[in-house]
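Notes follow once the structure below has been shown.
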C-alpha cells in the first residue's frame, strides 16, 4: 500500500464523513441558533431549553435522511472492499 493510496482513502473517508454529518449537524446548529434567538427575545435564560428541540430535530433528520445515509455508506464500503486486492498488491 503506497502513500498515495493511504492519502486517497483518508480523503475519501473524510469526504463521506462530511457528506453524511453535514446536514444533520447543520440542522442541529440552525435549531440551536433559532432557540437562542427566541431565548434572547423573550429573556428566558434556561440553559436546558435548547437540548430538547435540538435532539428532536437531529433525530428527525436522521429518520428522514437515514436511507440516503445508508446508501452512501454501503456504496463506500462496497467500493472499499472491492478494491482491497488493488490496495494490497
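The values are calculated or read from the model by the stated rules, or taken from the named source; none is laboratory data. Quantities reported herein were computed from a predicted structural model and do not represent experimental measurements. Don't worry about glycine lacking a Cβ; one is built from the backbone with ideal geometry, like all the others, and counts go over all protein chains shown.
Below is a table of values for the structure above.
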| quantity | calculated |
| --- | --- |
| Conditions (1) under 30 Å from residue 1 (Cβ atoms); (2) exposed (fewer than 10 other Cβ atoms within 10 Å of the Cβ); number of the one not met by residue 69 | (2) |
| Every pair of residues 6+ apart whose Cβ atoms lie under 9 Å, when the first sits in the range 25-53 and is farther than 21 Å from residue 64 by Cβ while the second is modelled with pLDDT under 90 and part of a loop (DSSP other than H, G, I, E, B) | 38/44; 39/45; 39/46 |
| Enumeration of residues in the range 60-74 that are in contact with a helix residue (DSSP H, G or I) (Cβ under 9 Å, 6 or more places away or on another chain) and within 15 Å of residue 13 (Cα to Cα) | 69, 72, 73 |
| Condition broken by residue 22, with the remaining ones in (1) surrounded by 11 or more Cβ atoms within 10 Å (Cβ to Cβ); (2) under 16 Å from the mean Cα position of the chain (by Cα) satisfied | (1) |
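Residues are listed down the side, and each one gets a yes or a no for (1) more than 24 Å from the chain's Cα centre (by Cα); (2) surrounded by 11 or more Cβ atoms within 10 Å (Cβ to Cβ); (3) within 17 Å of residue 77 (Cα to Cα):
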{"residue": "3", "(1), (2), (3)": "yes, no, no"}
{"residue": "12", "(1), (2), (3)": "no, yes, yes"}
{"residue": "26", "(1), (2), (3)": "no, yes, no"}
{"residue": "31", "(1), (2), (3)": "no, yes, no"}
{"residue": "45", "(1), (2), (3)": "yes, no, no"}
{"residue": "51", "(1), (2), (3)": "no, yes, no"}
{"residue": "58", "(1), (2), (3)": "no, yes, no"}
